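The values are calculated or read from the model by the stated rules, or taken from the named source; none is laboratory data. A quick note: this is a predicted structure, and the numbers were derived from the prediction, not measured. All Cβ positions, even for glycine, are placed from backbone atoms using ideal geometry, and neighbour counts span all protein chains on display. The protein model used for the area step is the full one, side chains on, heavy atoms only, and it has no ligands, DNA or RNA in it. Shrake-Rupley method; radii C 1.70, N 1.55, O 1.52, S 1.80 Å.
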Amino acid sequence: MPIIRTFKSKTFLVFEFIALFILFPLVLYIIVPTPVLPFLWLVCVWCIYILLKDEKFNRKNLLRNEAVNSNIKSVLFQFFGISLFIALLMFFFIPDMFFSLIKSNIILWFAVIVLYPLLSVYPQELVYRAFFFHRYKSLFKNKEMRILINAFLFGFMHIIFHNWIAVILTIGGGYLFAKLYMKTHSLTLLFIAHSLYGCMLFTIGLGEFFYTGTVSTIEQTFKF
């Protein structure tokens, strides 16, 4: 079909890439504190549509549960090491924020831990990993360059929170997630890894730097 061929043209890919990964975060940066999750869900719907229409996309990448068993130990080992390092930094340098969400509103914290992975993590990983690495491999043919660009764009998306800490943390996280996806092509494993790191940040008190996203949406929806 002509419209499908248009979606695959290099010109359209470049336009789509700029629109989704550069202009879209800039628009959200401007309109915040408007809730951002509904916009993420809309982008996710577009990405799912494009992927499912592409016969070259391996739909197994949306799950690949078998990759969890063979990689979960290394993911957990890395997670605990990084979590301990971040927690120690917080304890010594910003102790007032340590476990701040739990201390101030434990019910909201619990709701975030339960809902954040479903409402935010899977859509982010579908867009920034499954979609990005399949859709734009013709634009960025070097794998390491693709990983670095993906990590930077993942961090850039977090400018919507109006603080540099969110951007720096998510560039680092984006690099870890991009490397993991390129190794396993498992969205299930990425969902688990991203959820662990995100819930860890909300738990130890750094969720304040990501407040305009999931936390504010849950808080406004359920009136915590």
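A few remarks follow.
- For A178, net neighbour charge (Lys/Arg +1, Asp/Glu -1) across residues whose Cβ lies under 12 Å away: +3
- Computed across region 99-222, the Kirkwood radius stands at 14.9 Å (inverse of mean 1/r, all Cα pairs).
- Phi-derived couplings, Karplus 6.51 cos²θ - 1.76 cosθ + 1.60 at θ = phi - 60°, listed residue by residue for region 105-121: 7, 5, 5, 4, 4, 4, 5, 5, 4, 7, 8, 3, x, 6, 7, 10, 5 Hz, with x used for Gly and Pro.
- Rolling a 1.4 Å probe across the protein heavy atoms gives region 164-204 an accessible surface of 35 Å² per residue.
- Distant-in-sequence amide H partners of L63 (H built 1.01 Å from N, under 5 Å): L187, T188
- Charge tally around T188: other residues with Cβ under 15 Å, Lys/Arg +1 each, Asp/Glu -1 each, net +3.
- Distance from region 56-131 to region 189-211 (C-alpha centre basis), Å: 4
- Computing Rg and the Kirkwood Rh from the Cα coordinates of the chain gives a ratio, Rg/Rh, of 0.97.
- Rounded to whole Hz, the Karplus (6.51, -1.76, 1.60) HN-Hα couplings of region 88-96, x for glycine and proline: 5, 4, 5, 4, 8, 10, 9, x, 5
- One chain, two ends: N69 and M145. Fully extended at 0.36 nm per residue, the span grows by 24.5 nm beyond their Cα-Cα distance.
- Surface per residue (accessible, 1.4 Å probe) for region 83-150, Å²: 53
- Karplus 3J(HN,Hα) series, Hz, for region 38-49 with 6.51 cos²θ - 1.76 cosθ + 1.60 (x for Gly, Pro): x, 5, 4, 5, 5, 4, 4, 4, 4, 5, 4, 4
- For region 18-58, chymotrypsin sites (Phe, Trp or Tyr not before Pro) meeting the loop criterion (DSSP other than H, G, I, E, B) and having at most 16 other Cβ atoms within 10 Å: F57.
- Mean ellipticity per residue at 222 nm, deg cm²/dmol - from DSSP H runs of n ≥ 4 across the chain, formula -39500 (n - 2.57): -21500 deg cm²/dmol
- Accessible-area composition of the chain, carbon plus sulfur, in percent [1.4 Å probe]: 73
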